[in-house]
Amino acid sequence: MENNAGAIVAGADFGSDSVRVIIVEGASGKTVSEASCAYPRWAKRMYCNDGINQFRQHPLDYIEAFTAAFRSALQGAGEHAGERLLSIGIDTTGSTPCPIDEAGVPLALKPEFADNPNAMFHLWKDHTAVAEAEEINMIFSTADSVDYTQYQGIYSSEWFWAKILHTIRIDEQVKQAAYTWIEHCDWFVSLLTGQTDPLAMYRSSCAAGHKALWHSAFGGLPSEECLRQLDPYLVLVKDRYGAGPQHADTAIGIISKEWAARLGINEQAILSGSSFDAHAGAVGAGIQPRTLVKVAGTSTVDMMIEQPERLAGKEMKHICGLAEHSIIPGYVGIEAGQAAFGDIFAWYKSLLMWPVEQMIQQTDILSEDQKRRMQEQCSEQLLYQLEKAAKEIPLAAANQPVALDWFNGRRYPVLNEAVKGTIAGLHLGSTAPAIYQSLLMSAIFGAKRIFDSFIEHGLHIDRIIVIGGIAKKSPYIMQMMSDVLGRPIMISKQDQVCAKGAAIYAAVAAGLFSTIEEAQQTYCEPYEADYAPDPEKHQAYAKRYKQYLQLAQSVEEFHRI
């Protein structure tokens, strides 16, 4: 460490709407500067179609936003920061794949595909490939002597093979031009190092295991025979996948001269491997065995790590995804989650704001500036006022609505993308706060189903750490989670916990620490319980939870018809 006195490392977190960059002291992990930049095209919802659940992002959004955020963060990091920068780590959303040509260039960066959404990155929440996912499940689970779904469960339309299969079926031009496909987290590392030969490009353990179904038990990806039954093109993708996945803390290479000049850093800066944002967040939060880290944002991700031998022989495909080395090398990364969490509350807010916005815009007693300010104030206050009123509703109150959190389908346990969100038990006395309370409970009850499934399958959970915006913004939701689960809840105080995880990858890749666990001891915050469960409320919520499960069973049966 003496030879790296004054060294700094960077962590970049590519989220759904923006990229965040932090600069931290290499020795202490203290954040010295941070910056963010929204994706300009995405902000205008270009290349998206909500009606068919199409969500695409242009690679220029990533390049431009990263450059702006990185330079801004570097500027705030002190004198000669560019010269002192030792390494960079990256995380992104996923599965967010993109078709690339033989030179590793995303097709959307070529003039003929510049405005073609199929040639862009398919954001994690793109659900256009539902039919293909169903077909993949049938083939992957029955068409070979190996069940390729045994470690991830039911294959999702959000994942690698489904998105590729859907795109090549609807766009022959993209199919012919796409030499292969690459995940966002893998492409950006390759871009910064200049190592863009598809056959030599970096592939992360996280993306490979959880989304492409790479596993040592299979000797890699699903077999050629299996993929060929879906489409022979998928065999080409397998053949061009390169040498196989590497850990997130691996030193992949040094920054290219072009990018060093663009960012204003020295030409010896190291690039570590990459990971998905939630997994980097788990590392930044201090995940260790017997710890559940939950990301609570628009959706949720529940993560644990476990020694491979402790999972041997366990049938877990329907309750979580298991991938080798996906969170911390040497462990099996365990991932589950809900397809909608904060998105449910955002939907309700949007629903209630619609008449407000219409009335404000059509009134003639306010100026345009007053209209704008009133609309902004209503939008800012709406959920706060609903939550305030919901707190006053007794848990034992009779005839309260019951809701299901499946507004974007269900991920775990037992993935089902066909089921939908539901609100039952409405009557003429149902109030907006009561409906909001039922939506909050539905989100927490969905979390309980995942938690219970972990316990039932022999996973030991000593502590729960929650990260994400909701964890800090809503004490009511976090207390409800503690009461429902019957466990203490710890809240990460870090603002950029995913970027901190990426910085940990960078620090290990640069040799500042020998392992991620060693770096975590310095970089991660200590925890104490922020919320403790109330036994009486735990019992009251248990009764409401039974109603939730009864409604879930009915809705599941309805969607089978």
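The values are calculated or read from the model by the stated rules, or taken from the named source; none is laboratory data. Bear in mind the structure is a predicted one, so any value in this text is a computation, not a measurement. A quick note on method: Cβ atoms are made from the backbone with ideal geometry, for glycine too, and the neighbour counts reach across all protein chains shown.
If you filter region 159-177 down to residues that are touching an Asp or Glu at 6+ places or on another chain (Cβ under 7 Å) and of a type in the set (A, V, I, L, M), you find that the one that is surrounded by the most Cβ atoms within 10 Å (Cβ to Cβ) is Ala162. When Gln385, Gln381 are checked against the criterion of being free of Cβ contacts under 8 Å to residues at least 12 places away in the same chain, under 24 Å from Ile467 (Cα atoms) and surrounded by 13 or more Cβ atoms within 10 Å (Cβ to Cβ), Gln385 stands alone in meeting it. Residues in region 524-537: is at least one out of contact with any strand residue (DSSP E or B) (no Cβ under 6 Å at 6 or more places or on another chain) and over 22 Å from Ser474 (Cα atoms)? Within region 524-537, one or more residues are out of contact with any strand residue (DSSP E or B) (no Cβ under 6 Å at 6 or more places or on another chain) and over 22 Å from Ser474 (Cα atoms).
Rundown of residues vs (1) at pLDDT below 95; (2) closer than 30 Å to Phe70 by Cβ; (3) not basic (Lys, Arg), yes/no style:
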residue	(1), (2), (3)
Gly264	no, yes, yes
Phe276	no, yes, yes
Leu292	no, no, yes
Lys317	yes, no, no
Leu352	no, no, yes
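Only residues that are touching a Lys or Arg at 6+ places or on another chain (Cβ under 9 Å), buried (at least 24 other Cβ atoms within 10 Å of the Cβ) and either of a type in the set (Ser, Thr, Tyr) or not in a loop (DSSP other than H, G, I, E, B) (or both): list them for region 203-236, please. Once the filter is applied, which keeps residues that are touching a Lys or Arg at 6+ places or on another chain (Cβ under 9 Å), buried (at least 24 other Cβ atoms within 10 Å of the Cβ) and either of a type in the set (Ser, Thr, Tyr) or not in a loop (DSSP other than H, G, I, E, B) (or both), region 203-236 yields only Leu227. For region 157-185, residues that are within 20 Å of the chain's Cα centre (by Cα) and either farther than 16 Å from Gly104 by Cβ or free of Cβ contacts under 8 Å to residues at least 24 places away in the same chain (or both) total 8. Within region 278-290, can you find the residues that are under 18 Å from Arg20 (Cβ atoms) and modelled with pLDDT of 95 or more? Answer for region 278-290, where residues must be under 18 Å from Arg20 (Cβ atoms) and modelled with pLDDT of 95 or more: His279, Ala280, Gly281, Ala282, Val283, Gly284, Ala285. Taking each residue of region 287-314 that is farther than 17 Å from His215 by Cβ and looking for partners that are among the acidic types (Asp, Glu) and surrounded by fewer than 24 Cβ atoms within 10 Å (Cβ to Cβ) with beta-carbon atoms closer than 7 Å, six or more apart or interchain, yields Pro289/Glu306; Arg290/Asp462; Thr291/Asp462; Thr298/Asp343; Ser299/Asp343. Suppose we keep only residues that are among the hydroxyl-bearing types (Ser, Thr, Tyr) and in a loop (DSSP other than H, G, I, E, B) within region 513-524. Which one would you say is surrounded by the fewest Cβ atoms within 10 Å (Cβ to Cβ)? My answer is Ser514. When Ser156, Ser87 are screened for being of a type in the set (Ser, Thr, Tyr), at pLDDT below 95 and surrounded by 24 or more Cβ atoms within 10 Å (Cβ to Cβ), only Ser156 passes.
Let's see how each residue does on (1) part of a helix (DSSP H, G or I); (2) more than 30 Å from Trp406 (Cα to Cα); (3) touching a Leu at 6+ places or on another chain (Cβ under 7 Å); (4) modelled with pLDDT of 95 or more:
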{"residue": "Ile504", "(1), (2), (3), (4)": "yes, yes, no, yes"}
{"residue": "Gly511", "(1), (2), (3), (4)": "no, yes, no, yes"}
{"residue": "Pro526", "(1), (2), (3), (4)": "no, yes, no, no"}
{"residue": "Ala529", "(1), (2), (3), (4)": "no, no, no, no"}
{"residue": "Lys546", "(1), (2), (3), (4)": "yes, no, no, yes"}
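Go through (1) surrounded by fewer than 22 Cβ atoms within 10 Å (Cβ to Cβ); (2) touching a residue at least 24 places away in the same chain (Cβ under 8 Å); (3) under 22 Å from Asp343 (Cα atoms) one by one and return the number of the condition Ala35 breaks. Among (1) surrounded by fewer than 22 Cβ atoms within 10 Å (Cβ to Cβ); (2) touching a residue at least 24 places away in the same chain (Cβ under 8 Å); (3) under 22 Å from Asp343 (Cα atoms), the lone unmet condition for Ala35 is (3).
Note on region 450-476: among residues that are out of contact with any Lys or Arg (no Cβ under 9 Å at 6 or more places or on another chain) and crowded, with 20+ Cβ neighbours inside 10 Å, the one that is farthest from Leu551 (Cα to Cα) is Ile470.
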